[in-house]
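Just below is one structure, and these are the notes that go with it.
The values are calculated or read from the model by the stated rules, or taken from the named source; none is laboratory data. These figures come from a predicted structure and were not determined experimentally. Cβ coordinates were reconstructed from backbone atoms using ideal geometry, including for glycine residues, and neighbour counts include every protein chain displayed. Surface areas here come from the heavy atoms of the whole protein model, side chains and all, with no ligands, DNA or RNA. Shrake-Rupley method; radii C 1.70, N 1.55, O 1.52, S 1.80 Å.
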Amino acid sequence: KYPDPRLRTENEKITEFGKPLQELADEMFDVMYDDDGCGLAAPQVGINYRLMVFNPQGDRRKKDTEMVLANPEIISSGEEKDWFREGCLSFPGIRGQVERPTKVLIRAQDVKGEDIEFELEGFTARVFQHEYDHLSGTLFHDR
């Protein structure tokens, strides 16, 4: 939770993949769901690695919509943007209007270290961008 300095610290690239990374991601999902969230970045749990987990459904029963992304990058963003009242697990009870692109093309690695690239749109793109900001030390109220 803010003002923990790890939320502003540079995060290391993940170089080791496999079972330990999956176990960390599983623990992060548990924290996220227990706090009624839909996304969580490793710095939010005190681990300064470029790792995020999210499920735009915010429902632990919908495992098919869970995503675990290591070392994500935004390759490009769409020109269209919109505003949304965002919250953050690091700032319980606080919300703010944030403008973000409605579409992003991303590149990352999965828990096995395989390269993946795909496009996200709408609320899923927003959740990704919010968590991506955490990996750069940017918090939603900075926007």
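Values computed for the structure shown
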| item | result |
| --- | --- |
| Gained length - GLU23 relative to ARG95, 0.36 nm times residue gap less alpha-carbon distance | 22.9 nm |
| Stretch in the chain that is longest and holds no GluC sites (Glu not before Pro) that DSSP places in a loop and that have at most 16 other beta carbons within 10 Å | 17-78 |
| Lysine pairs with alpha-carbon atoms under 20 Å apart, the chain, spacing 8 or more or separate chains | 5 |
| Separation of alpha-carbon centers, segment 66-80 and segment 83-107, rounded to whole Å | 14 Å |
| Per-residue SASA entry for ILE47, accessible area with 1.4 Å probe, Å² rounded to 10 | 50 Å² |
| Student exercise, the chain dipole from Lys, Arg, Asp, Glu Cβ charges, in Debye to nearest 20 | 300 debye |
| Farthest toward positive dipole pole in the chain [+1 Lys/Arg, -1 Asp/Glu at C-beta], among GLN97, PHE29, SER136 | GLN97 |
| Förster radius 30 Å - calculated FRET efficiency between ILE75 and VAL31 (Cβ-Cβ, nearest 0.05) | 0.55 |
| Surface share of carbon and sulfur [accessible, 1.4 angstrom probe, percent] for segment 1-121 | 45 percent |
| Cα convex hull of segment 1-90 - mean projected area over all directions, nm² | 7.1 nm² |
| Net lengthening on full extension, TRP83/GLU12 (0.36 nm per residue, minus Cα-Cα) | 22.5 nm |
| Residues of segment 49-100: accessible area per residue with a 1.4 Å probe, Å² | 60 Å² |
